[in-house]
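Notes to accompany the following structure.
The values are calculated or read from the model by the stated rules, or taken from the named source; none is laboratory data. Since this is a predicted model, take the numbers as computed values, not measurements. Note that each Cβ is placed from the backbone with ideal geometry, even for glycine, and that neighbours are counted across all protein chains shown. Remember, those area values only see protein heavy atoms, side chains included, never the ligands or the DNA or RNA. Shrake-Rupley method; radii C 1.70, N 1.55, O 1.52, S 1.80 Å.
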Amino acid sequence: MAGSATALGLAGAGGFVIPAYADALTKAQRDNMRPDQIIQAMKNGNQRFRRGERKERNYLREQKASAAGQYPAAALLTCIDSRAPAEVIMDLGIGDIFNCRVAGNVENADILGSLEFACKLAGAKVVLVMGHTACGAIKGAIDNAELGNLTGLLGKIKPAVEATKYAGERSAKNYDFVNAVARTNVEMTVANIRKGSPILAELEAKDSIDIAGAMYNLETGAVEFLA
């Protein structure tokens, strides 16, 4: 029956089973989860997505169940790319996560403030920065593209281009290089979040949250969580 599956698809995630059923993640369910269990739930959701076995859900019931309050388990910073919707590729529902989307999944003061709200005030326990393969913003940074406000955004990615160690052709036409830069960009953004937000860094130091990175492969549909 629709709505009979546990919120966030956590049943069987790392041996952790939510005892109650819900149409949207409840405060009690979220508060009882550890950050590593939330990450495992996202991994499990991506595995279901890749198998074509996504959890049966009723979005109207989730909408109604979450209307009076939200208790997301994680806050994601992902790219604006239309082919990489986090809720879909990790089989998540309404109210499961916060999702900040910006080309190249780069952080700025507004993003940091949003993440601080998500974790410090709203109780999310994971901050995940997710890049993806064949990223157009990464290509633009490599090519030194200039276009209005996009120029400044791509400037935030250029340090990752310079920091990426790669022996082959360093051009936007070489997708191996593009993907290597995308991974570096995720790693640098994770580091910048810790540096730019003492609030989030303190929460992580207290083991209240995990700050992690991931890469989504557009061709395989797999999300790789970075160590």
Item to check | Rounded FRET efficiency, nearest 0.05, which uses the C-beta distance separating L150 from E219 and R0 of 25 Å | outcome: 0.45
Item to check | Of K165/K195; K120/K206; K27/K64, those spanning more than 18 Å from alpha-carbon to alpha-carbon | outcome: K165/K195
Next on the checklist: Calculate the FRET efficiency for I80 and K173 from the Cβ-Cβ distance with a Förster distance of 25 Å, rounded to the nearest 0.05.
Outcome noted: 0.65
Checklist entry - So what does L115 come to for accessible area, using a 1.4 Å probe and Å² rounded to 10? => result 0
Checklist outcome for this item: Length gained, Q63-K158, 0.36 nm per residue minus C-alpha separation, equals 30.2 nm
Item to check | Evaluated at q = 0.10, 0.17, 0.26 Å⁻¹: base-10 log I(q)/I(0), Debye formula over Cα of region 139-227 | outcome: -0.32, -0.83, -1.25
Checklist entry - Here are some values of log10 I(q)/I(0) by the Debye sum over Cα atoms at q = 0.08, 0.11, 0.15, 0.18 Å⁻¹: (1) -0.29, -0.55, -0.97, -1.29; (2) -0.38, -0.64, -1.04, -1.31; (3) -0.33, -0.62, -1.11, -1.44. Which one was computed from this structure? => result (1)
Checklist outcome for this item: Residue span D143 to A205: 0.36 nm per residue of separation minus Cα-Cα distance leaves a gain in nm of 18.5 nm
Checklist entry - Within a Cβ distance under 15 Å of G93, other residues only, what is the Lys/Arg minus Asp/Glu net charge? => result +1
Checklist entry - So what's the back-of-envelope 222 nm ellipticity for the chain, counting only DSSP H runs of four-plus at -39500 (n - 2.57) apiece and dividing by all residues, rounded to 500? => result -11500 deg cm²/dmol
Item to check | Dipole of the chain, positive direction: furthest Cα of I97, L115, A41, with charges on the beta-carbon | outcome: A41
Checklist entry - Which percentage, to the nearest 5, of the DSSP beta bridges contained in the chain is antiparallel? => result 25
Checklist entry - Relative contact order (percent) for the chain, with alpha-carbon contacts under 8 angstrom and 6 or more residues of separation? => result 20
